[in-house]
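Heads up, the thing below is written out as structure tokens.
The values are calculated or read from the model by the stated rules, or taken from the named source; none is laboratory data. Quick caveat: nothing in here was measured; it's all calculated off a predicted structure. Neighbour counts are summed over all protein chains in view; Cβ atoms, including those assigned to glycine, are modelled from backbone coordinates with ideal geometry. All accessible areas refer to the heavy atoms of the entire protein, side chains included, with ligands and DNA or RNA removed. Shrake-Rupley method; radii C 1.70, N 1.55, O 1.52, S 1.80 Å.
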Amino acid sequence: MRIAVLSDIHANLPALEAVAADLPPVDQVWVLGDTVGYGPQPNEVIATLQAMGARSVMGNHDGAAIGTVDPVHFNPDARVAIEWTAGVLDANARAYIATLPEVRADGELTAVHGSPRDPIWEYITGPEVAAANFGAYETRLCLFGHTHLPLAFRAVDGEIDATIGLPGMTAQLGPGRAMLNPGSVGQPRDGLRDAAYALLDLDRAPEATTFEFRRVRYDIDRTQRLMRQAGLPPRLVERLSYGR
């Protein structure tokens, strides 16, 4: 089975459209939360994911947009953006978000936004945090987002091996357990402005499982223009130019 893994789209429709156009044939699309927030086209992004048949989970921005997650930890710009998002969501988008689970498990995969032990809020930023989470899920692989950074953590001989997901790199996962982050479609924070996503290949024997990190150029100017027209915070607009 070949799975496209997307996360943190953040209402950036041009980025999502570029990823969709770049996708090779896949069996499933999994989305690791934060489909909305920050960006200017939440309704269009959700409609596109529905058309793709995406299997999604709840992110902190998703829940905040419909009032089920308290945005207590949001910075001022994020709070302004989520309040704007809440005001423009249509009925379809609200209904879609309301159905999203915090954890999705199927076969060898568990999917969360933050972490297995705190699906909404915890950031898995390094090997120590990853190690603390390996015992919080039961499947071989865990997909997560939230940090906007492409990473792979593998459990190898009692240690945690961390791999930064550089563009075009394919992580050889082997038969052991791993936690995998594809990076962000709509707001990368690793210094690269191109949309990030990944391809998980489960077609082979477990020891040959791979996770390919991919990057796609998109029309950043279009997203920024729409953000300015919507009156979204300037810092959120400008950061797309730098991938920070």
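Results, tabulated for the structure shown:
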| read-out | value |
| --- | --- |
| Subset tally (residues that are open to solvent by 10 Å² or more (accessible area, probe 1.4 Å), of a type in the set (S, T, N, Q) and either in contact with a Phe, Trp or Tyr (Cβ under 6 Å, 6 or more places away or on another chain) or part of a loop (DSSP other than H, G, I, E, B) (or both)) for the stretch 1-46 | 1 |
| Residue pairs meeting the criteria (Cβ under 8 Å; at least 6 apart or on separate chains; first in contact (Cβ under 8 Å) with a residue 12 or more places away in the chain, in the stretch 61-78; second of a type outside the set (S, T, Y) and open to solvent by 60 Å² or more (accessible area, probe 1.4 Å)) | A64/D70; I66/R94; I66/A98; T68/A98; H73/W121; D77/R235 |
| Within the stretch 113-183, strands (runs of 3 or more DSSP E) holding 2 or more residues that are at pLDDT 95 or above and either touching a strand residue (DSSP E or B) at 6+ places or on another chain (Cβ under 9 Å) or more than 23 Å from L202 (Cα to Cα) (or both) | 141-143, 150-156, 178-182 |
| Filtered residue count, the stretch 47-106, keeping only those that are part of a helix (DSSP H, G or I) and of a type in the set (A, V, I, L, M) | 18 |
| Condition met for H146 (open to solvent by less than 60 Å² (accessible area, probe 1.4 Å) and within 21 Å of E212 (Cβ to Cβ)) | yes |
| Residue identified as among the hydroxyl-bearing types (S, T, Y) and free of Cβ contacts under 8 Å to residues at least 60 places away in the same chain among Y218, Y197, Y242 | Y242 |
| Scan of the stretch 206-243 for residues that are assigned to a helix (DSSP H, G or I) and open to solvent by less than 20 Å² (accessible area, probe 1.4 Å), ordered by number | I220, T223, Q224, M227, L236, V237 |
